[in-house]
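*Asks:* Provided herewith is a single structure, encoded as C-alpha cells, for subsequent inquiry.
The values are calculated or read from the model by the stated rules, or taken from the named source; none is laboratory data. Since the model is a prediction, treat every value here as computed from it, not as a measurement. Positions of Cβ are backbone-derived with ideal geometry, glycine not excepted, and every protein chain shown enters the neighbour counts. Note: areas computed on protein heavy atoms with side chains; ligands, DNA, RNA excluded. Shrake-Rupley method; radii C 1.70, N 1.55, O 1.52, S 1.80 Å.
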Amino acid sequence: MIRIALAALLVCMPAMASADDPPVPATVVVAFDSETIRPLIVEGVADRASGRQVEANDPVRIASISKLIMALATLRLVNDGKVSLDADVSDYLGWKLRSPHFPDAKVTLAQLLSHRSGLRDRVDYIIPLGESLRERVSDPDAWFADAPPGEAPFEYANLGSPVVATVLEAATGERYDRLVERTVFAPLGIEACLNWVGCSPERVQRAVVLYRDTGEVARDDAADLPPNCAIPVAEGVECSLDDYVPGTNASILSPQGGVRIGMMDLARIGQELMRERSQVFPNEMMLPAGEALFAEQSPGQDFFCRYGFHMQVIDESDSTCKDTLFGDGQARLGHAGEAYGLRAGLWFTMEGRQGVAYFTTAVPPRPSTEDEGGFDPREIELMARAQALLAANR
C-alpha cells in the first residue's frame, strides 16, 4: 500500500501581498519516493473569479506530460498483445498511413512515440470532432520531405499523438479516454481524465484555471468546463461523443496535452514509472517488455539531448545540453509540460530514489515564438525551493 505522508506537509507561504498586487499564481510541488508521496509547496489562487486557493491534488491540464501517460498506455497494450511497436499502423487503422514523400515506407508506433516518424507540426494538430485525421495527415506539409519514416531526424511534434491514440482505439475498439482509464488510471486508483471527459462533477469543480502572465484567462475557466463543451468541435457539429467511432479521430481528446490530473495522483504515476524502470533494468539487464519506454536515443538537440518513448533524460552533468532544471548533478527521467501559461514536470532520479511532480501558472511566454525547449527561470527557482525543503526535513 502506498503511504501518502500528508503529515509531512511543508507549505511555503508567500510573503504578505498588498491588495493591489496580482494574485499569487497557483503552484504545487509534490515529492515522492517508492513508498511515500508528500506535498512540499502548495500556494496561490486556483480560480481568481472565486478566490479559491489551490489544493495539493486539484486537477490541472498537464500539457505534454500527457504524452508520457500515452506511452505508458501503449506499452500496456503491447504487453497484452493488442499492438506491436514495429507493425505498420495502417494494419490497425484500416487505411494506409503514408508520408506522401515516401509512399512505400511504413509508419510504426515506435517511430511515432520517439518523434522519428517524419510527422511535423507544420499543420494544425488539433483536429476537431467532425473533421478528418486521415485527411489532415495526408497533407505533404505534415511530413519531413528529405528522409522516410524511421530515418527522419528527431523532431518534436504534437501531431504524432493523435495518430498514436487513434491507432490504440482502432486496435481495441475503445475510446481513448476509456482506454487510458482502464490501463493506467484505474489500476493506480487515481481520478484523472482527458479534456474533462470522465471526471466527476466534484473533480471538475476543483479545476485549476490557467492564466497568462497578463492575468488573462488561458484555459479551464467555467466557459471551458462541463456542462459546456470541453472538446474541440468543428463548426456546425454537435458537441456529443455519442456517435463517435473509436479509431477515427482521437485528437478530440487531446492526447498530446489534454490530461487533467492532480499532482498527488501524477506522483502515483511517477512511482509506477520508477517501479517499471527497476524491473526493466535490474542490474542493468534489459527486459523486452518495457525497455522501449526508457530507451535513451540521442536526438542531438539543445534541449532534447536523450529521449525514448516520450521519456526524456535531463540534468546530465557530463552533457552540453541546455536541459538543467535541478542542477545537482543527478540525471532524471520524465517529461516536461508547457502550454497556456503553465509549466509542469514529472521527474525522477535514474536510480529511482526520489521524484517530483509540479506545476506553476501565469508564466511569461518565451521571448522566441519557436518552441525550442528549455526550462523557465521560475521552474528552476521552484525546484531549488523544493530541494531545500527536502534537505531541511531529512
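*Asks:* In nm, what is the difference between 0.36 nm times the number of residues separating E35 and S240 and their Cα-Cα distance?
*Replies:* 69.7 nm
*Asks:* Only Cα pairs under 8 Å and at least 6 apart count here; give the relative contact order of segment 185-283 as a rounded whole percent.
*Replies:* The normalised contact order for segment 185-283 reaches 36 percent.
*Asks:* If you don't mind, another one. Restricting to DSSP loop positions (anything but H, G, I, E, B) with no more than 14 other Cβ atoms inside 10 Å of their own Cβ, which trypsin sites (Lys or Arg not before Pro) remain in segment 14-99?
*Replies:* Within segment 14-99, the qualifying trypsin sites (Lys or Arg not before Pro) (loop, at most 14 other Cβ atoms within 10 Å) are K96.
*Asks:* How about segment 228-280: which GluC sites (Glu not before Pro) there are in a DSSP loop, with at most 12 other Cβ atoms within 10 Å of their Cβ?
*Replies:* E235, E238
*Asks:* Let me ask something else about it. With θ set to phi - 60° and the Karplus curve 6.51 cos²θ - 1.76 cosθ + 1.60, what are the ³J(HN,Hα) couplings of segment 248-259 in order, to the nearest whole Hz, using x for Gly and Pro?
*Replies:* Calculated HN-Hα couplings, in order: 10, 6, 6, 4, 4, 9, 6, x, 6, x, x, 5 Hz.
*Asks:* Determine the principal axes of the Cα atoms in the chain, then give the extent along each, sorted from largest to smallest and rounded to whole angstroms.
*Replies:* Computed over the chain, the largest-to-smallest principal extents equal 62, 55, 44 Å.
*Asks:* First select every other residue whose beta carbon is under 13 angstrom from the beta carbon of R48; then total the charges, Lys and Arg +1, Asp and Glu -1.
*Replies:* The answer is -3.
*Asks:* Something else: Can you give the relative contact order of the chain as a percent, counting alpha carbon pairs under 8 Å and 6+ residues apart?
*Replies:* Answer for the chain is 21 percent.
*Asks:* Something else: Cα gyration tensor of segment 11-146, axes a ≥ b ≥ c as square roots of the eigenvalues: rounded (a/c below 1.5), prolate (a/b > b/c) or oblate?
*Replies:* Because a/c hits 1.5 or more and a/b exceeds b/c, segment 11-146 counts as prolate.
*Asks:* If amide H atoms are built 1.01 Å from N in the plane of the peptide, which residues on other chains or at least 5 residues away come under 5 Å of the amide H of W196?
*Replies:* Sorted by chain and number, the residues that satisfy this are R260.
*Asks:* In degrees from 0 to 90, rounded to the nearest 10, what is the angle of the helix 377-392 Cα long axis to the longest principal axis of the chain?
*Replies:* 60
*Asks:* Give me the number: length gained by fully extending E151 to Q330, i.e. 0.36 nm times residue separation minus the C-alpha to C-alpha distance, one decimal in nm.
*Replies:* 61.3 nm
*Asks:* According to the square roots a ≥ b ≥ c of the eigenvalues of the Cα gyration tensor, what is the shape class of segment 29-69, taking rounded for a/c under 1.5, prolate for a/b larger than b/c otherwise, and oblate for the remainder?
*Replies:* Working: a/c = 3.46, a/b = 1.37, b/c = 2.54.
Oblate.
*Asks:* Next question. Between P140, L40, T108, whose Cα lies farthest towards the positive end of the dipole of the chain when Lys and Arg beta carbons carry +1 and Asp and Glu beta carbons carry -1, centred on the Cα centre?
*Replies:* Most positive-ward Cα: L40.
*Asks:* Between segment 248-281 and segment 324-364, how many Å separate their Cα centres?
*Replies:* 14
*Asks:* Now for a different question. Where a ≥ b ≥ c are the square roots of the eigenvalues of the C-alpha gyration tensor, would you call segment 83-187 rounded, which needs a/c under 1.5, or, failing that, prolate if a/b is larger than b/c, or oblate? List each step's numbers first, then the result.
*Replies:* On the way: a/c = 1.74, a/b = 1.52, b/c = 1.14.
Because a/c hits 1.5 or more and a/b exceeds b/c, segment 83-187 counts as prolate.
*Asks:* Separate question: Please report how far the C-alpha centroid of segment 131-145 lies from that of segment 147-219, rounded to the nearest whole angstrom.
*Replies:* 21
*Asks:* With r defined as the distance between the Cβ atoms of N393 and Q53 and R0 fixed at 22 Å, what FRET efficiency is calculated, to the nearest 0.05?
*Replies:* 0.45
*Asks:* Please check: in the Gaussian network model of the chain (C-alpha springs, under 10 Å), which one of A192, A218, A207 has the largest mean-square fluctuation.
*Replies:* Answer for the Gaussian network model of the chain: A218.
*Asks:* Now for a separate question. Which of P255, P59, P149 ends up with the largest GNM mean-square fluctuation for the chain, with Cα atoms connected below 10 Å?
*Replies:* Fluctuation is largest for P149.
*Asks:* Hey, can you find the accessible area per residue of the chain for me, probe 1.4 Å, expressed in square angstrom?
*Replies:* Value returned for the chain: 42 Å² of accessible area per residue.
*Asks:* Just the number, please: carbon plus sulfur as a percent of the accessible area of segment 172-272, 1.4 Å probe, no ligands or DNA/RNA counted.
*Replies:* 46
*Asks:* What FRET efficiency would be calculated for the residue pair D21, A222, taking the C-beta separation as r and a Förster radius of 22 Å, to the nearest 0.05?
*Replies:* 0.35
*Asks:* Right, something else. Along the charge dipole of segment 101-249, Cβ charges K/R +1 and D/E -1, which of L241, A218, C193 sits furthest on the positive end?
*Replies:* Looking along the dipole axis, the top candidate is C193.
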